[in-house]
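K.L.:
Pasting in a structure now, in C-alpha coordinates, and then I'll have a few things to ask.
The values are calculated or read from the model by the stated rules, or taken from the named source; none is laboratory data. What you are looking at is a predicted structure, and each value in this text was computed from that prediction instead of being measured. Here the Cβ positions follow ideal geometry from the backbone for every residue, glycine too, while neighbour counts run over all protein chains shown. For the accessible areas, the whole protein counts, side chains as well, though only heavy atoms, and no ligand, DNA or RNA atoms are used. Shrake-Rupley method; radii C 1.70, N 1.55, O 1.52, S 1.80 Å.
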Amino acid sequence: MNVKDLEHATVLIVDDNLEILEPLREYLRLQGCTIYISDNGQQTLNMAVKYQPDIILLDVMMPYPDGFEVCRQLKLQDDTRDIPVMFMSGLSETVDKVTGFERGGVDYLTKPFEFQEAAVRLAAHIRINRLQKRLQENNLRLQQEIEQRQQAEEALRENEERFRTIFEHAPVMINAYDGQRGYTLWNNECERRLGYTKDEMMGNA
(Lines give C-alpha, C1' and ligand atoms only; values in the text may rest on other atoms or scores of the structure.)
Protein backbone atom coordinates (compact mmCIF):
# COMPACT_ATOMS: atom_id res chain seq x y z
CA MET A 1 0.00 0.00 0.00
CA ASN A 2 1.63 3.24 -1.19
CA VAL A 3 0.61 6.22 0.93
CA LYS A 4 3.94 8.08 0.85
CA ASP A 5 2.29 11.09 -0.82
CA LEU A 6 0.11 11.60 2.25
CA GLU A 7 3.12 12.78 4.23
CA HIS A 8 2.87 16.54 4.81
CA ALA A 9 -0.37 16.62 2.78
CA THR A 10 -3.27 18.85 3.82
CA VAL A 11 -6.70 17.19 3.73
CA LEU A 12 -10.04 18.92 4.23
CA ILE A 13 -12.70 16.42 5.37
CA VAL A 14 -16.31 17.52 5.02
CA ASP A 15 -19.10 15.55 6.70
CA ASP A 16 -21.89 16.32 9.13
CA ASN A 17 -21.23 12.99 10.89
CA LEU A 18 -17.51 12.69 11.46
CA GLU A 19 -17.75 9.84 13.96
CA ILE A 20 -17.91 7.25 11.19
CA LEU A 21 -14.79 8.78 9.62
CA GLU A 22 -12.73 8.79 12.81
CA PRO A 23 -10.62 5.73 11.80
CA LEU A 24 -9.73 7.38 8.49
CA ARG A 25 -9.00 10.73 10.13
CA GLU A 26 -6.72 9.11 12.70
CA TYR A 27 -4.97 7.03 10.05
CA LEU A 28 -4.29 10.13 7.93
CA ARG A 29 -2.87 11.93 10.95
CA LEU A 30 -0.51 9.03 11.58
CA GLN A 31 0.68 9.31 7.98
CA GLY A 32 1.70 12.93 8.60
CA CYS A 33 -1.35 14.69 7.17
CA THR A 34 -2.69 17.99 8.42
CA ILE A 35 -6.44 17.55 8.78
CA TYR A 36 -9.09 20.27 8.65
CA ILE A 37 -12.73 19.50 9.42
CA SER A 38 -15.91 21.09 8.12
CA ASP A 39 -19.54 20.07 8.63
CA ASN A 40 -21.32 22.41 6.20
CA GLY A 41 -21.01 23.74 2.68
CA GLN A 42 -20.36 27.43 3.26
CA GLN A 43 -17.68 26.71 5.85
CA THR A 44 -16.07 24.32 3.36
CA LEU A 45 -15.87 27.01 0.68
CA ASN A 46 -14.25 29.45 3.11
CA MET A 47 -11.76 26.88 4.45
CA ALA A 48 -10.78 25.75 0.96
CA VAL A 49 -9.79 29.31 0.07
CA LYS A 50 -7.99 29.87 3.37
CA TYR A 51 -6.05 26.61 3.72
CA GLN A 52 -5.64 25.50 0.07
CA PRO A 53 -5.77 21.77 0.93
CA ASP A 54 -4.10 19.18 -1.28
CA ILE A 55 -7.42 17.35 -1.51
CA ILE A 56 -11.00 17.62 -0.23
CA LEU A 57 -12.93 14.57 0.97
CA LEU A 58 -16.51 15.73 0.54
CA ASP A 59 -19.73 14.13 1.75
CA VAL A 60 -22.63 14.38 -0.69
CA MET A 61 -25.56 14.29 1.73
CA MET A 62 -25.38 17.55 3.70
CA PRO A 63 -27.81 20.37 4.44
CA TYR A 64 -27.95 22.90 1.59
CA PRO A 65 -25.71 23.32 -0.20
CA ASP A 66 -25.11 19.60 -0.65
CA GLY A 67 -21.75 18.16 -1.67
CA PHE A 68 -22.46 18.31 -5.39
CA GLU A 69 -23.26 22.03 -5.19
CA VAL A 70 -20.23 22.72 -3.00
CA CYS A 71 -17.98 21.05 -5.56
CA ARG A 72 -19.57 23.02 -8.38
CA GLN A 73 -18.90 26.27 -6.53
CA LEU A 74 -15.32 25.23 -5.76
CA LYS A 75 -14.69 24.68 -9.46
CA LEU A 76 -16.02 28.16 -10.29
CA GLN A 77 -13.42 29.95 -8.14
CA ASP A 78 -9.90 30.60 -9.36
CA ASP A 79 -8.46 29.95 -5.88
CA THR A 80 -10.02 26.49 -5.51
CA ARG A 81 -10.82 25.07 -8.94
CA ASP A 82 -7.62 22.98 -9.09
CA ILE A 83 -8.09 21.32 -5.68
CA PRO A 84 -9.09 17.67 -6.28
CA VAL A 85 -12.39 16.64 -4.70
CA MET A 86 -13.24 13.07 -3.67
CA PHE A 87 -16.90 12.47 -2.98
CA MET A 88 -18.12 10.04 -0.33
CA SER A 89 -21.72 8.98 0.07
CA GLY A 90 -24.11 6.20 0.93
CA LEU A 91 -25.63 6.81 -2.51
CA SER A 92 -24.33 4.08 -4.79
CA GLU A 93 -26.44 4.54 -7.90
CA THR A 94 -24.56 5.12 -11.14
CA VAL A 95 -26.42 8.39 -11.69
CA ASP A 96 -25.05 9.73 -8.40
CA LYS A 97 -21.49 8.83 -9.34
CA VAL A 98 -21.93 10.40 -12.77
CA THR A 99 -23.26 13.57 -11.15
CA GLY A 100 -20.20 13.67 -8.91
CA PHE A 101 -17.83 13.47 -11.87
CA GLU A 102 -19.86 16.02 -13.82
CA ARG A 103 -19.53 18.50 -10.96
CA GLY A 104 -15.74 18.12 -11.04
CA GLY A 105 -14.98 15.29 -8.63
CA VAL A 106 -11.97 13.04 -9.25
CA ASP A 107 -13.26 10.00 -7.33
CA TYR A 108 -16.32 8.63 -5.55
CA LEU A 109 -16.29 6.52 -2.38
CA THR A 110 -19.42 4.61 -1.41
CA LYS A 111 -20.06 4.36 2.31
CA PRO A 112 -19.21 2.27 4.19
CA PHE A 113 -15.69 2.10 2.78
CA GLU A 114 -12.45 0.57 3.99
CA PHE A 115 -10.36 3.49 5.29
CA GLN A 116 -7.02 2.07 4.12
CA GLU A 117 -8.32 1.80 0.56
CA ALA A 118 -9.61 5.36 0.85
CA ALA A 119 -6.17 6.51 2.03
CA VAL A 120 -4.47 4.89 -0.97
CA ARG A 121 -6.88 6.57 -3.35
CA LEU A 122 -6.38 9.91 -1.60
CA ALA A 123 -2.61 9.53 -1.93
CA ALA A 124 -2.91 8.69 -5.63
CA HIS A 125 -4.97 11.79 -6.40
CA ILE A 126 -2.66 14.01 -4.34
CA ARG A 127 0.31 12.70 -6.34
CA ILE A 128 -1.47 13.24 -9.67
CA ASN A 129 -2.41 16.79 -8.71
CA ARG A 130 1.14 17.60 -7.62
CA LEU A 131 2.52 16.24 -10.89
CA GLN A 132 0.02 18.34 -12.84
CA LYS A 133 1.04 21.45 -10.90
CA ARG A 134 4.70 20.71 -11.55
CA LEU A 135 3.98 20.28 -15.25
CA GLN A 136 2.06 23.58 -15.34
CA GLU A 137 4.93 25.34 -13.54
CA ASN A 138 7.47 23.88 -15.98
CA ASN A 139 5.33 24.93 -18.94
CA LEU A 140 4.98 28.45 -17.52
CA ARG A 141 8.72 28.68 -16.91
CA LEU A 142 9.42 27.45 -20.44
CA GLN A 143 6.99 30.00 -21.88
CA GLN A 144 8.66 32.77 -19.89
CA GLU A 145 12.08 31.68 -21.16
CA ILE A 146 10.80 31.69 -24.75
CA GLU A 147 9.33 35.17 -24.30
CA GLN A 148 12.56 36.44 -22.75
CA ARG A 149 14.58 35.01 -25.63
CA GLN A 150 12.23 36.55 -28.16
CA GLN A 151 12.54 39.91 -26.42
CA ALA A 152 16.34 39.62 -26.42
CA GLU A 153 16.36 38.73 -30.12
CA GLU A 154 14.06 41.65 -30.90
CA ALA A 155 16.30 44.01 -28.92
CA LEU A 156 19.32 42.68 -30.82
CA ARG A 157 17.59 43.27 -34.15
CA GLU A 158 16.68 46.80 -33.10
CA ASN A 159 20.29 47.48 -32.07
CA GLU A 160 21.58 46.09 -35.36
CA GLU A 161 19.15 48.26 -37.28
CA ARG A 162 20.14 51.31 -35.23
CA PHE A 163 23.83 50.62 -35.84
CA ARG A 164 23.21 50.11 -39.56
CA THR A 165 21.42 53.45 -39.79
CA ILE A 166 24.22 55.25 -37.93
CA PHE A 167 26.85 53.52 -40.07
CA GLU A 168 25.16 54.24 -43.39
CA HIS A 169 24.60 57.94 -42.66
CA ALA A 170 27.80 58.75 -40.76
CA PRO A 171 29.40 62.03 -41.98
CA VAL A 172 32.76 60.28 -42.37
CA MET A 173 33.90 57.51 -44.68
CA ILE A 174 33.65 54.06 -43.10
CA ASN A 175 34.80 50.98 -44.93
CA ALA A 176 36.44 47.69 -44.13
CA TYR A 177 38.69 45.61 -46.35
CA ASP A 178 39.41 41.91 -46.07
CA GLY A 179 42.36 40.56 -48.06
CA GLN A 180 40.42 37.48 -49.10
CA ARG A 181 36.86 38.76 -49.39
CA GLY A 182 37.53 42.31 -50.48
CA TYR A 183 35.47 45.23 -49.14
CA THR A 184 32.96 44.16 -46.49
CA LEU A 185 31.79 47.63 -45.39
CA TRP A 186 31.15 50.70 -47.55
CA ASN A 187 28.94 53.50 -46.30
CA ASN A 188 27.12 56.34 -48.05
CA GLU A 189 29.92 58.85 -47.41
CA CYS A 190 32.34 56.54 -49.26
CA GLU A 191 29.97 56.55 -52.23
CA ARG A 192 29.64 60.33 -52.14
CA ARG A 193 33.35 61.10 -51.87
CA LEU A 194 34.86 58.28 -53.95
CA GLY A 195 32.12 57.89 -56.53
CA TYR A 196 31.76 54.13 -56.20
CA THR A 197 28.55 52.55 -54.98
CA LYS A 198 28.36 49.86 -52.35
CA ASP A 199 27.25 47.31 -54.95
CA GLU A 200 30.32 48.10 -57.01
CA MET A 201 32.76 47.78 -54.12
CA MET A 202 31.43 45.07 -51.85
CA GLY A 203 33.36 41.87 -52.35
CA ASN A 204 35.91 43.37 -54.71
CA ALA A 205 39.46 42.47 -53.72
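K.L.:
What are the extents of the Cα atoms of region 70-205 along their three principal axes, in Å, largest first?
P.N.:
97, 30, 21
K.L.:
For region 1-133, which semi-axes, largest first and in whole Å, follow from the square roots of 5 times the eigenvalues of its Cα gyration tensor? Don't skip to the end; give the middle numbers.
P.N.:
Values: eigenvalues 76, 58, 43 Å².
In descending order the semi-axes read 20, 17, 15 Å.
K.L.:
Answer rounded, prolate or oblate for region 1-45, using the Cα gyration tensor with square roots of eigenvalues a ≥ b ≥ c: rounded when a/c is under 1.5, else prolate when a/b is larger than b/c, else oblate.
P.N.:
Details: a/c = 2.98, a/b = 1.66, b/c = 1.80.
In terms of gyration-tensor shape, oblate.
K.L.:
For region 57-151, build the charge dipole from Cβ charges (+1 Lys, Arg; -1 Asp, Glu) around the Cα centre, then report which of 88, 138, 123 sits farthest towards its positive end.
P.N.:
My answer, from the dipole projection, is 138.
K.L.:
Let me ask something else about it. Enter the accessible area per residue of region 52-205 (Å², integer; probe 1.4 Å; all protein chains in place). Before the final figure, lay out the partial values.
P.N.:
Details: 9960 Å² over 154 residues.
Here the residues of region 52-205 average 65 Å² of exposed surface.
K.L.:
To test your reading of the geometry: what angle, between 0 and 90 degrees and rounded to tens, separates the Cα axis of helix 115-168 from the longest principal axis of the chain?
P.N.:
Long axis of 115-168 versus the principal axis of the chain: about 10 degrees.
K.L.:
Additional query: Given a Förster distance of 35 angstrom, what is the FRET efficiency for residue 162 paired with residue 139, based on the Cβ-Cβ distance and rounded to 0.05?
P.N.:
On the way: r = 35 Å, r/R0 = 0.99.
After rounding to 0.05, the efficiency reads 0.50.
K.L.:
For region 59-129, state the average projected area of the convex hull of the C-alpha atoms over all orientations, rounded to one decimal in nm². The partial results should precede the final answer.
P.N.:
Numbers: hull surface 19.3 nm².
Over every viewing direction, the Cα hull of region 59-129 projects on average to 4.8 nm².
K.L.:
Length gain on complete extension for the stretch residue 110 to residue 200, per 0.36 nm per residue less the alpha carbon to alpha carbon distance? Working shown, then result.
P.N.:
Values: separation 90, 0.36 × 90 = 32.40 nm, distance 8.63 nm.
Length gained between residue 110 and residue 200: 23.8 nm.
K.L.:
Pairs of lysine in the chain with Cα under 22 Å and at least 8 positions apart or on different chains: total? Before the final figure, lay out the partial values.
P.N.:
Details: 4/133; 50/75; 50/133; 75/97; 75/133; 97/111.
For the chain, the number of qualifying lysine pairs is 6.
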